[in-house]
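**Student:** Below: one structure in structure tokens.
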Amino acid sequence: MAQEQLTLDLAEIPVQFDTNNLVTKSNLLIESSYKLSTLESKLILTLFSNVQPSDEDINTYVFQIQPFVEMLDLKGKSKYKDLREITKGLMQKVYEIRIGDTLHQVSWLSHVAYNTGEGTISMRFDEFWKPYILQLQQNFTSYKLGNITKLKSSYSIRLYELLKQWQKVGKHVFALKDLRSLLGVPDDTYKLYANFKQRILLNAQKELKKASDIVFEFKEIKEGRSVTKIQFNISYNQNFPKIDKRIPKTPLKKEIPFDQQDLREELEKLGVSDKIIIYLLDNYEKKRIKANIKYTKSRMELGSVKKPAGYVKRAVEQNFADSRGNGNTLKKKEKINNLPREQKKEVEEGLDVEMFLSYLDKKKEVLIKLGESKKEIKEQIQHDLDDIELKEEYEKISTADKMKLKNYIKKFS
């Protein structure tokens, strides 16, 4: 039972395999030295692309194994074993980051769990990374996940990040020794500059031109007869291929009837996996599922449910809405009245409008930096505003705050 509870507690944020998701990292993190394989890099960056600007804490992310295997292009009978080796390697590898006079050694992940019954993997960043991936206000770099998913070399991925940081400036000079360290090139590999140039620089130049949004030329700077520095000239790739919006997912084995699609969407929003959704729809009445979804949301509002995916499954199975629902409204009011003043105000008002508008401002800034068109930015902001209007918290806010949200989009006119 304890083992089952641990699995439920870890199931928080379902990973979206969306190539338009933004990878946002502190420049301090980008400029540090580390070496990952190509597959390890793509796994970590997929995690980064699921971190939201509004996140206040490190989350546990849940991967559907099959689409992730497809994204990494793992093939053959040993593909699932290969995936375990990738995650094991990430747990074992130590990353070095220098902050001031202190050199920190830390692993990327603090936990990996294979939930074999659900066909998922749970992963969590180490808490050390919190200041370098959450609530970033300045000195950070953002790019779309799709810019690295088709790169075949881990050196190309690392060089892409280093150059993306300097794209607006248009050029940057790296000492050759520093560049080797930043790319994670071992001291005994590509010792001759000619080999380093051929295997890393020219290969990355070719890969980025074919599959990313930037291209580069480079100039060798010599001291005597030896190359000691490299000057990169960076520009936007005019021939950049359009990114497919989503990496294909494996279709469900069983078609869900049209009249149950609304329940499926509600359960997906709570983070429930496709396998569990099918199980619930096959075994329980629609009325019972609907009542327990509503009950789960009420417990989330009170702050007593932090992992809704596991909770709603148990709620439907044990019919919490029926056995615990009586007197629930009174209990809710009593709990609200016992909260400290600030928390009470937050629960009663529901949505924090100012915080949400601040999130939209940050998102807009990032999209502008990425060179998105005004039309594209407006569409993405409008999509977020439409989503908010569908949430229950929206009904709790004042008319004045609703007008603030509706008027926000007029800034683009």
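The values are calculated or read from the model by the stated rules, or taken from the named source; none is laboratory data. As the structure is a computational prediction, the values presented were derived from the model and not from experiment. Positions of Cβ are backbone-derived with ideal geometry, glycine not excepted, and every protein chain shown enters the neighbour counts. For accessibility, only protein heavy atoms count, side chains too; no ligands or nucleic acids. Shrake-Rupley method; radii C 1.70, N 1.55, O 1.52, S 1.80 Å.
**Student:** Using the alpha-carbon centroid of each, what span in Å lies between segment 162-223 and segment 134-160?
**Tutor:** What the calculation gives is 15 Å, centre to centre.
**Student:** Keeping every protein chain in place, order Tyr61, Tyr279 by accessible area at 1.4 Å, biggest value first, i.e. largest first.
**Tutor:** Listed by decreasing accessible area, they come as Tyr279, Tyr61.
**Student:** Cross-link list Lys25/Lys406; Lys144/Lys164; Lys297/Lys396; Lys25/Lys364: which exceed 23 angstrom alpha carbon to alpha carbon?
**Tutor:** From the list (Lys25/Lys406; Lys144/Lys164; Lys297/Lys396; Lys25/Lys364), the Cα-Cα distance tops 23 Å for Lys25/Lys406.
**Student:** A further question on this structure: Ranked by accessible surface with a 1.4 Å probe, highest first, in what order do Ser153, Ser398 come?
**Tutor:** Result, largest first: Ser398, Ser153.
**Student:** For segment 77-193, build the charge dipole from Cβ charges (+1 Lys, Arg; -1 Asp, Glu) around the Cα centre, then report which of Leu136, Leu90, Ile157 sits farthest towards its positive end.
**Tutor:** Comparing the listed Cα positions along the dipole, Ile157 ranks first.
**Student:** Which of Lys294/Lys362; Lys93/Lys130; Lys88/Lys130; Lys35/Lys210; Lys374/Lys402 have a Cα-Cα distance over 30 Å?
**Tutor:** Table pairs above 30 Å Cα-Cα are Lys294/Lys362.
**Student:** Compare the peptides 97-106, 263-272, 143-152, 227-236 by average per-residue count of other Cβ atoms within 10 angstrom and give them in order, highest first.
**Tutor:** The packing order, highest mean first, is 143-152, 263-272, 227-236, 97-106.
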